[in-house]
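Written out below as structure tokens is the structure these notes cover.
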Amino acid sequence: MAKRRILIADDEEDFLKAITIRLKSAGYETAVARNGLEVQKECEKEKPDLIVLDIMMPKMDGFEVLRKLKENESLKDIPVIYLTAGEFDISKELDILSMAQDFMLKTVDSDKIVERINRILS
């Protein structure tokens, strides 16, 4: 069986390295995107099975990325886990947050992230 492919979208190199290592050790294939535009390019190049998406990124934030994914017929069903350390007004973003499968803070243990990914993909 082919490995499931996870796209990790974040502009923090240390986080990208750490979560990539953890996901690979859990048996996943990974790809990375460092800004919102790269997320779109990666999804069009090779559709991931799930996206771990930071909200505060350069060029296009995670909210706009998810809106664009949901407008694209071939990408709209990709599960998304929002993962962020940033602060924002949740009440203003409830509509877009509800389109994601999960929402976590970056402060969570990487094992919990893998646990959530496993649950969503099972």
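Read-outs: derived from the displayed coordinates by stated rules, not from any lab. For clarity, every value in this text was computed on a predicted model and none was experimentally measured. Cβ placement follows ideal geometry from the backbone for every residue including glycine, while neighbour counts extend to all protein chains displayed.
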note = With a 26 Å threshold on alpha-carbon distance, the violating pairs from LYS17/LYS112; LYS45/LYS112; LYS68/LYS106; LYS41/LYS112 are LYS45/LYS112; LYS41/LYS112
remark   = Per the C-alpha gyration tensor (a ≥ b ≥ c, the square roots of its eigenvalues), the stretch 1-56 is rounded if a/c is under 1.5, else prolate if a/b beats b/c, else oblate; here it's oblate
remark   = Label model pair GLU44, GLU29: point-to-point distance (7 angstrom along the Cα→beta-carbon line) in nm is 2.1 nm
